[in-house]
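Written below as structure tokens is the structure these notes are about.
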Amino acid sequence: MIDEVDEWGRRLIHRRTVQCQGFLRADGLWDIEGRLSDSKTHPVTLAEGRTVAAGQIYHGMLIRLTLDDDFFVREVQVGMPDVPTSECRGAAAAYQQLLGEQIGPGFSRRIKTLFGGIGGCVHLTELLLPIATTAFQTIPMARAMVAPRTAQDTEAYRNATGKLINTCHALREDSPVAIFLKK
């Protein structure tokens, strides 16, 4: 057992790490990639009888969505190198249903419909939400601030950020932030 005790005297039992990144590809498309890993501080015996050592990843998963400027999914790649049971990998192909879908209003409901229950892997499905927010942090911001700025880039930024109105408290329609974004 790994005995990590923090400054408050708590002993760590489980660690989940989620990392998302957004990349501009040479062909002008965007790769939005999410990775999830789970490990325990103690050995775990899994359903198929295999024992995972303390600190060893037993959920190691990746989803990469290739998007266009309008947030339509053009390619889907799923990797599941570390899974608790070989049955888990059977869910990977389901995520090809994302081809042609658009990340935007209603995306959360859509992925729950497509991949809820036995339609997918709960871990991969959960990973799609931070991937979606990473797309909104990547594409419009890069077009507006990093890439050479054109009228088309400015319009794309406004369209993307305008879709965020009323998605949280800070972006409620009458907030200073929303009013600024509507200009």
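A few points about this structure:
- Close contacts from the stretch 92-116, counting a first residue that is closer than 19 Å to ILE139 by Cβ and a second that is at pLDDT below 95 and of a type in the set (Val, Ile, Thr), with Cβ to Cβ under 9 Å and a gap of 6+ residues or different chains, come to PRO105/THR167.
- ARG109 fulfils the conditions (1) surrounded by fewer than 16 Cβ atoms within 10 Å (Cβ to Cβ); (2) closer than 20 Å to VAL18 by Cβ except for a single criterion, (2).
- Test: residue in the stretch 30-43 that is among the β-branched types (Val, Ile, Thr) and touching a Gly at 6+ places or on another chain (Cβ under 9 Å): yes
- Here ASP70 meets the list (1) touching a residue at least 12 places away in the same chain (Cβ under 8 Å); (2) under 22 Å from SER37 (Cα atoms); (3) of a type in the set (Asp, Glu) almost entirely, failing just condition (2).
The values are calculated or read from the model by the stated rules, or taken from the named source; none is laboratory data. Quick caveat, the model's predicted, so the values are computed rather than measured. Cβ sites come from the backbone with ideal geometry, for glycine too, and all protein chains shown count toward neighbours.
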